[in-house]
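Data block below; observations after.
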Amino acid sequence: MRRKAMQAMAASDGHAATVEAARGFLDQLRAGISSGSLDEERLNAAIETAAGEIKRRLHESLAYSLRPVINATGVILHTNLGRAPLSQGALERVAEIAQGYCNLELDLATGERGKRDGHVDGLFARLFGEIGREVATIVVNNNAAAVLLALNALADGGEVIVSRGELVEIGGSFRIPDVMAKSGAVLREVGTTNRTRIADYEQAINERTKLLLRVHRSNFQMVGFTEQPSLEELSLLGRKHKIPVMEDLGSGDIFDLRSVGVHGEPTIGASLRAGVDVVTFSGDKLLGGPQAGMISGRRELIARIRGNPLFRALRVDKMFYAALEATLLAYLREDYDSLPALRMLRLTEDAIGERAEHLMRKLHISNPRLNVEVVASRSVIGGGSAPGSTLPTRAVAVSSPDISAEAIAQRLRAWVAPIIARVEDGRALLDLRTVSPEQDAVIAEALVVL
């Protein structure tokens, strides 16, 4: 540590971290001596060049673990890769709001304390159309938290009726029965796995019933001999018995996916217009914003939920509100292509194919050792949204006689800007639907030196 090179490292990167890197280097030398792999000559040479190795270790120990990656999987809302990328507008708003003070809970007109929900509540109401005048919205840190909070506020100690076919488990072992148990509500299953009728709900209602619950199946489909009541039927039953109806929509769709050929995914507005009293949904799925959980519904019910002590434990900070507000304003301007997730959904197969062909031609010239072709494939929406629905795409398929497809994928992940591909039929596939055009050159550079 008395050497000038080491003192320079300590001055720039911290004394404690430099000492830790030096100790790791010395431990390696001691292990080499003990194993007999280091003789005196090699040991002296290693000590003389110690600064370079210690600097490498130091920088490695201080490097960021969370890194940006290039998503070439074709899965738009890839949970492992952070789901929906934020728009440029959202990023700029986060930077603007986070770097100083803001009116998060201050009413600028009166100078009195305000509510942070107000920054997005009115925007959601406008997006929901005519029904929005009767709807309020609050925000927590994710949809699981939204479900937990709503159940605890509306049904603690009472029964919640839900179809057996909707007792789902999604990623990360999020199970509806477990969340319900934690909320203090009692699960009351009705119907069968594949068929539940409105009469099943009505027969289960008793003096302990606090809520009727509909759950979006998220990441799987049930087809064939199936039946479930419509939301309108469920809402009518709830009003008849003065019991609120809640729907966990999960994916949070405001944009009508039918315009891109995806059918059967319910929108938040449609659920509210069907008479559902409370809807929970995600911010970082089809909404295309930051991770958050929204609870929208009848104003008196949302007020009850907001008054629950759990709300403070689960609420989000100014950066989430900044990103969410920018995202919602893009919807109001109908500027859908400014939201990366929606832009990817709207890309045509032909547009993706043109980029794929250009990348293929470039690789044929720069790395003829690779087998590269453009193939028809399918992109996935992901994130538990629109299960079973895919989008036609064109993918760049890469293989080599020298290394396996798995090895190609591993080398791409190890690139300076990690590239995440998928492996199918002995080839590494790169779907450019989820790759921004400026990243095409990065992929080409990585494959040139493969």
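The values are calculated or read from the model by the stated rules, or taken from the named source; none is laboratory data. Note that the coordinates shown come from a computational prediction; the quantities given were computed from them, not determined experimentally. Here Cβ is always computed from backbone atoms with ideal geometry, including for glycine, and neighbour counts include all displayed protein chains.
A single entry from GLY283, GLY250, GLY261 fulfils the requirement of being modelled with pLDDT under 95, in contact with a helix residue (DSSP H, G or I) (Cβ under 8 Å, 6 or more places away or on another chain), of a type outside the set (Ser, Thr, Tyr) and not assigned by TED's automatic domain parsing to the domain that holds VAL380: GLY250.
Per the conditions (1) in a strand (DSSP E or B); (2) within 21 Å of ALA125 (Cα to Cα), the sole criterion not satisfied by ARG304 is (1).
Here GLY184 meets each of (1) on the phi > 0 side of the Ramachandran plot; (2) crowded, with 17+ Cβ neighbours inside 10 Å; (3) out of contact with any strand residue (DSSP E or B) (no Cβ under 8 Å at 6 or more places or on another chain) with one exception, condition (2). Would you mind listing the helices (runs of 4 or more DSSP H) fully within region 77-187 where at least 2 residues are in contact with an Asp or Glu (Cβ under 6 Å, 6 or more places away or on another chain) and either at pLDDT 95 or above or under 19 Å from GLY250 (Cβ atoms) (or both)? Counting at least 2 such residues, we get 118-127. For region 326-348, taking the residues that are hydroxyl-bearing (Ser, Thr, Tyr) and over 19 Å from ARG378 (Cβ atoms), the one that is surrounded by the most Cβ atoms within 10 Å (Cβ to Cβ) is identified as THR327. Restricting attention to region 414-450, the residues that are in contact (Cβ under 8 Å) with a residue 24 or more places away in the chain and in a helix (DSSP H, G or I) total 12.
The residue list PRO244, PRO266 contains one member that is assigned by TED's automatic domain parsing to the domain that holds VAL162, within 18 Å of TYR331 (Cβ to Cβ) and touching a residue at least 12 places away in the same chain (Cβ under 8 Å), which is PRO266.
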